[in-house]
Structures are given as structure tokens and as C-alpha cells.
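**Student:** To start, I am sharing the structure in question, which I have written as C-alpha cells.
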Amino acid sequence: MAIYCDQTGYLPQDRKRAVMTAGENYKVMRMKDGGEEQVMAGTARDAGTDAASGDHVYEVDFSEIHETGLYYIENEKGERSHCFRIGKDVYKELQRDLQKALYFQRCGCALEEQYAGPYTHPCCHMGDAVLWNDRSVVKEVRGGWHDAGDYGRYISPAAVAVGHLLYAFQLFPESFQESLNIPESGSGIPDLLSECRYELEWMLKMQDEEGGAYHKLTSERHADFIMPEEDKAQFYLFPVSSMATADYAASMALASRVYRAYDGDFADRLLKAAKAAYEWLEKHPEYVGFHNPESCNTGEYDDVCDLDERLWAAAEMLLTTGEQKYQEQVSKLLQEDLSRTDFGWTDVSGFAALGILTDAAGTASPDSVGELRKTVLAEADRLVRVAEQSGYGVAMEPEDYIWGSNMVVLNRGMLLILAAMTAKKDEEAGSPDQAGGEKRSLIYEQTALAQLHYLLGMNAVDYSYVTGYGEHAYRHPHNRPTECDGIEEPMPGWVSGGPFKTPCDEVGRERIREGTPPMKCYVDHAACYSLNEITIYWNSPAVFLTAYFNREL
Ligand code: G3I
Ligand code: 9MR
Ligand code: ZN
């Protein structure tokens, strides 16, 4: 018997659910003045068998509790859930640490105690890089964020992470007032923008003379488990790909829009890079893929299709410049068979919808807006149905538990937020599309929030997948500095990749028995890179979600 809940907490006015694995009576207890009091009691509702976990689950709905405080749920046998808070600010520190984690990924500079606390290290990866295909060419490409638990730096993941973060900032600026205590704090520019600029300055160096973006900057083989400053391997610039170049054009164009209000020169540099990348795409209409050379085992980030990346690029160029030729490209690419609803590194087509549907200036054609609106709302409706089927409220079917499944969860949360914002606009315009009295926008929003609850402990393995958040947060991310720094506690605020139905690292394969239900294919072990790594682009959608729910603080 177990009781699962969001171990970080719940917002006072929102839906609040926990899951029990037996249909028993429960009571909700609130800690008060050194003691505790019962604030609610009931019998858990039989919610049937949850396909992804194989659990027979019973739902506890305590939405009626609004009062700020510290709570737990207890069943009639005296078994308890983890403690959780109810309060307006329950996700505030979480959002800060999710962002601060990116500072710890900074490459090419020292992490100083003043900002890094105990997690300091000297400058890393200071050497010049060599072109993989022409060893006579040497370039200075220092900077950027380490992608993940490894020390590579890759363009598509970088573009996607910056994309999530800049949209979060653009749409919910009120959630980015807090200091992150980074070297640029106090400069008058919001800290998130300074942190992203660290990545963008590196990205500006990753473009060749013809405008193409190098696919990645890594060593030939992954480093052993050593601190970054000890990694003296030669780093290489790997060939330009159309996927990286399109992601590059898109993120640079978006960034130039966002930074325009703060630093016109920087915005100009970004736009110039975006245009050069876009021109490269025009000159190379065919797909230019990337595959690791045989001797190389660092991240590949290979894709089979670049049309979603091209759509994102065209959409951002349109929104930034307003030029008609980009509208033509958007219209053309909208005829392709693309999801238009995903924000992960393999499928970025959702960014086109995110940009166009939230564009207050109405730059895109009504046709494009209408098309995207339809797709986004249909996908949101599908996700709501999937979440309703799930005993844990998560919009995931068993087959969705792929490598980095927590990103799938969070990206779906983002899509639901976009749908909520879109539906809200319609509702405000006086066309309330109501379902059983409840506004669609509210249903989408509450379903998005349930995705965050899943991440934070409302799941079948009882883990909070964010380090430092929750009584039972995972503690052993696959992250080189965490394994090597000799510090007991991992840095707070790192999202784990999460369960993967077919783990492919050695320890994961050993520990997870054949036939384990997908939601339970997880081990909190540092060797499990296919289950428990961290990446910049798994944190960034969590920033987007928490920023949305923090915007009224
Ligand atoms: O796209 C297919 C999908 O159509 C299919 O249904 C599904 C079934 O498994 O697979 C999907 O492909 C997966 C792909 O990611 C896209 O999600 C592959 O199976 C899966 O192996 C692949 O995993 C990627 C992994 O690298 C291996 O290439 C992860 O997404 C990606 O996050 C991870 O990235 C690594 C870098 O290489 C190095 N740095 C760390 C980083 C995180 O682990
Ligand atoms: O640490 C690496 C991790 O960042 C990658 O996601 C993963 C897949 O590319 O590879 C990890 O490195 C392992 C390597 O591939 C094989 N030898 C063991 C390495 C560390 O576990
Ligand atoms: Zn480094």
C-alpha cells in the first residue's frame, strides 16, 4: 500500500489529487502549532487499473482544501504519504533552482563559490576546437552550457532549451523577477536573459562562413567520470546539418526579438546570424543529416526529417521580420505532415504554433493561425482524454515512456498551456466553448498542472524527479560533476530523464526485469544514463510550466 502525491505541493485554488493503491478510508492531516489536525476524511475512489504502471489505483481528491500549510494524507492503517505544502508560492523556489541549474552547466569559465556555493570548479574546456573534417582548421568556440551529464555541446538541444526559456520569459515575464545569484545579477537585465545569453554567445560562434551551424562540439569519445576541468580531450566541430542550421536560425531569430528591448546591438548580431542561417537553408533545400563517425560515441542527435525545424525557422523569421516571403514558407510547410504540437529536439514543429498563436501583433496570416489553432486544440483534447484514462493524471500512454520520458510529460504540459491560452482568448472574445459547465481553458490548465504533479511525485515509483524537491527526491543523477565533486547532495533543481520502457544502459538493463510496466522502468542510479541523466532541455520545459503557474505571485 502506498499513497502518492506531489511532494512539493499544490496551489490553493487548483485541483488536488493523490493516489492510493488500496481503496481505503483516508484522512488529510494538517500540521499546526507543533501538533496536527484532521481537515478532511473520505474513502478513496476506485479508478481502475492504470495501464502504464499496472497498478490498481484509488483516487483521493482533496481539492476542497485551500488553506496554506503543511499536510500529509494517512490511511486507516496509519500509513502516510510524504508531506506536501499547499500555498500560492509552492513552485517559486523550484522555478528558481530549475533555472539556476543552467548556471552550473556553464563551460569555459570558473564556477565561483559566491554563486555556486559548494559546487565550484575552475575553468573547463578552454582549448580551441578542430574541424572534424579538416584538421588544419582551428577555432575558438569556448562557452555555452554542457548539454547534460556529458561535456558535449550540441546545437539542436541548445536551440530547443533556449526556445523553451525565452518563450517562458516572453509570455510570463512577471515570473522572472527573482535574482538567480549569477555573476550578471543586478545588471538591470532579467537573470534568465543573462543566463541564456551565455548560451547564445557560444551559439554565435558555432556558425561557419556560409551560415551553416556545426551540428555539435564534442570530443571523439565521452570523458570518463572526471570533473570538467580535468577533461583535456581535443574537442571537434562536427559538420553542418540542416537540422542544426534550422534550429539555429529559429532560436537566433526568436532571441533577437526578445533581446531587442534590452540590447539593440546584441539583437542585431542575433538577427544577422539568423538570416545567414536561413540563407544557408534556402541554398540547401534538401535534407542534410548528421551521423556520428564510427569512432565517435558522443551524442548524435540524429533526425530523419528537417521539415519541422524548417517550419520553426520560417515561423520565427516571420514573427521577427514580418516579411512576406517567410509567410509563404510557413504556409508551404504547414501542408507537410508535421505534428505542430511538439517541443522536443526531434520534433520542434510545436514552436511554430507557440510563436504564431501567442503573437499579439497578429503577424501570421489568418489561415496559418486557424490551422495551428485547430491542431493545438485537437491535440490538447486528446491529451486530456489520455490523462483522464491515467490513474496518475499523466498524459502518457504506455508506449510514450521513451528515453527522456519526463521531457515528453513536460512538453505535453507546455502544449496544454498553449491550448489554455488559446482557448482563453476565444472565451474572452465571447465564444465560450463549454464542457459540462467547466471552461475548456480551465480543463487544459488543470491537466497541464497534473503533468507537473506527476514529475514531482504523483507517479508509481514514488520519486520526485527533481533533485532537492520532495521528501523522496531522486539523488543520483547521471551527471559527471555530481559523481566527482565529493559532495553528498546533488545540486538542487535537476530534472531526471525518467522511466524508459527499454533501458539501454548496463545497470538499467540489469536492474529492470523484463515485463516491468513502463512507468516503473526507473532506477535512481548514477550509471543509468538512459534513465537518470540530466539535460538542459529537460529542465527548460519545467521552467516554462512553473513560470506559468507562478505568474500571479
Ligand atoms: O523518435 C522515436 C519514436 O518515433 C519511437 O516511437 C521511440 C521508441 O523508442 O523512439 C524514438 O526515438 C528515440 C529518440 O531518442 C527520440 O526520442 C530513441 O529511441 C532514443 O534512443 C533516443 O534517445 C536519445 C539518446 O540521446 C540516444 O540517442 C535521447 O532522446 C537524447 O536525449 C539522448 O541525448 C543524450 C546525448 O546523446 C548526449 N548527452 C546526453 C543526452 C541525454 O541522455
Ligand atoms: O555519459 C554519457 C551520457 O551523457 C550519454 O547520454 C550516453 C549516451 O551517449 O553515454 C554516456 O557515456 C557512456 C558511454 O556512452 C559508454 N561508456 C560509459 C559512458 C558513461 O556511462
Ligand atoms: Zn566545460
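The values are calculated or read from the model by the stated rules, or taken from the named source; none is laboratory data. Just so it is clear, the model here is predicted, and its values are computed rather than measured. Ideal geometry is used to build each Cβ from the backbone, glycine not excepted, and the neighbour counts take in all protein chains shown. Heavy atoms of the whole protein, side chains included, go into the accessibility calculation; ligands, DNA and RNA do not. Shrake-Rupley method; radii C 1.70, N 1.55, O 1.52, S 1.80 Å.
**Student:** I need to check one value: relative contact order of segment 166-320, counting alpha carbon pairs closer than 8 Å and at least 6 residues apart, in percent.
**Tutor:** In percent, rounded to a whole number, it is 25.
**Student:** May I pose another question? For segment 292-322 and segment 241-266, compute the distance between their C-alpha centroids and round to whole Å.
**Tutor:** After rounding, the separation between the Cα centres reads 14 Å.
**Student:** Listed here are the pairs Lys100/Lys425; Lys92/Lys439; Lys88/Lys439; which of them are more than 28 Å apart at the Cα? Write down the numbers at each step before the final one.
**Tutor:** On the way: Lys100/Lys425 32 Å; Lys92/Lys439 26 Å; Lys88/Lys439 22 Å.
Among Lys100/Lys425; Lys92/Lys439; Lys88/Lys439, the Cα-Cα distance tops 28 Å for Lys100/Lys425.
**Student:** Quick one: compute the contact order of segment 261-397, relative version, from alpha carbon pairs under 8 angstrom and 6+ residues apart, as a percent.
**Tutor:** Relative contact order comes out at 16 percent.
**Student:** Take peptides 386-395, 29-38, 459-468, 66-75 and line them up by average Cβ neighbours within 10 Å, highest first, as a rough protection proxy.
**Tutor:** Going from most to least packed, we get 459-468, 386-395, 66-75, 29-38.
**Student:** Something else now. Would you calculate the separation in nanometres between label points at Glu36 and Thr358, each defined as 7 Å from the Cα along the Cα-to-beta-carbon direction?
**Tutor:** For Glu36 paired with Thr358, the spin-label model returns 4.0 nm.
**Student:** Next up: Output ³J(HN,Hα) for segment 254-263: one whole-Hz value per residue in order, computed from phi by the Karplus curve 6.51 cos²θ - 1.76 cosθ + 1.60 with θ = phi - 60°, and x for Gly and Pro.
**Tutor:** Here the 3J(HN,Hα) series is 4, 4, 5, 5, 5, 7, 3, 6, 10, 7 Hz.
**Student:** Sort out for me the Cα centre separation of segment 40-116 from segment 173-194, rounded to whole Å.
**Tutor:** Going from one Cα centre to the other spans 26 Å.
**Student:** Report, by chain and number, residues whose modeled amide H sits under 5 Å from the one on Ser464, excluding near sequence neighbours (fewer than 5 apart, same chain).
**Tutor:** So Ser464 has HN proximity to His472, Ala473, Tyr474.
**Student:** Here is a further query. Could you calculate the FRET efficiency of Glu67 with Glu201 from 1/(1 + (r/R0)^6), where r is the beta carbon distance between them and R0 is 41 Å, rounded to 0.05?
**Tutor:** 0.30
**Student:** Enumerate by residue number the GluC sites (Glu not before Pro) in segment 180-261 meeting two conditions: DSSP loop (anything except H, G, I, E, B), and at most 11 other Cβ atoms within 10 Å of the site's Cβ.
**Tutor:** Here the GluC sites (Glu not before Pro) that fit, given the DSSP loop and packing criteria, are Glu209.
**Student:** Something else: Say each of Asp263 and Ser187 gets a label point 7 Å from the Cα, pointing the same way as Cα to Cβ; how far apart are those two points in nm?
**Tutor:** 0.4 nm
**Student:** Got a number for carbon plus sulfur as a percent of the chain's accessible area, 1.4 Å probe? Show your work: numbers first, answer last.
**Tutor:** Details: 9680 of 20880 Å².
That fraction is 46 percent.
**Student:** If you don't mind, another one. How would Asp303, Asp6 rank on accessible area, largest to smallest, probe 1.4 Å?
**Tutor:** Listed by decreasing accessible area, they come as Asp303, Asp6.
**Student:** Dividing the Cα convex hull volume of the chain by residue count, how many Å³ per residue is that?
**Tutor:** 152 Å³
**Student:** Still on this model: At 1.4 Å probe size, what's the solvent-accessible area of Arg412? Round to the nearest 10 Å².
**Tutor:** 40 Å²
**Student:** For the residue pair Glu388 and Lys139, what label-to-label distance in nm results when each label sits 7 Å from Cα along the Cα-to-beta-carbon direction?
**Tutor:** 5.1 nm
**Student:** How much accessible area per residue does the chain have, in Å², with a 1.4 Å probe?
**Tutor:** 38 Å²
**Student:** Report, in deg cm²/dmol and to the nearest 500, the calculated mean residue ellipticity at 222 nm for the chain, where each DSSP H run with n ≥ 4 adds -39500 (n - 2.57) and the sum is divided by the residue count.
**Tutor:** Computed ellipticity for the chain at 222 nm equals -12500 deg cm²/dmol.
**Student:** Round to the nearest 10 and report in Å² the accessible area of Thr502, as given by a 1.4 Å probe over the protein chains' heavy atoms.
**Tutor:** 80 Å²
**Student:** Contact order normalised by length for the chain, with contacts defined as Cα pairs under 8 Å and 6 or more residues apart; what percent is it?
**Tutor:** Once divided by the residue count of the chain, the mean separation gives 17 percent.
**Student:** Can I ask one more? Rounded to the nearest whole Å³, what is the per residue volume of the convex hull around the Cα atoms of segment 4-110?
**Tutor:** Value for segment 4-110: 149 Å³ per residue.
**Student:** Averaging the inverse of every distinct alpha carbon separation and then flipping it gives the Kirkwood radius. What is it for segment 183-317, in angstrom units? List each step's numbers first, then the result.
**Tutor:** Values: mean 1/r = 0.0622 Å⁻¹.
In segment 183-317 this quantity evaluates to 16.1 Å.
**Student:** Could you give the angle, 0 to 90 degrees to the nearest 10, between helix 92-103's Cα long axis and the longest principal axis of the Cα atoms of the chain?
**Tutor:** Helix 92-103 and the main axis of the chain meet at about 30 degrees.
**Student:** Packing-wise, with mean Cβ within 10 Å as the measure, how do 282-295, 76-89 rank, highest first?
**Tutor:** Working: 282-295: 12.2, 76-89: 15.9.
Those peptides, ordered most packed to least, come out 76-89, 282-295.
**Student:** Something else now. For segment 53-157, what value does the Rg/Rh ratio take when both radii are computed over Cα atoms and Rh is the Kirkwood radius, given to two decimals?
**Tutor:** Working: Rg = 23.2 Å, Rh = 18.9 Å.
A ratio of 1.23.
**Student:** Could you tell me how many cubic angstrom of Cα convex hull volume segment 119-163 has per residue?
**Tutor:** 101 Å³
**Student:** Further question: Could you give the angle, 0 to 90 degrees to the nearest 10, between helix 324-333's Cα long axis and the longest principal axis of the Cα atoms of the chain?
**Tutor:** Around 60 degrees separate the two axes.
**Student:** Among DSSP beta bridges whose residues both lie in the chain, state the antiparallel percentage, nearest 5.
**Tutor:** 85 percent
**Student:** Now a separate question. Measure nothing fancy, just the Cα-based angle from helix 536-549's long axis to the longest principal axis of the chain, in degrees from 0 to 90, nearest 10.
**Tutor:** 50 degrees
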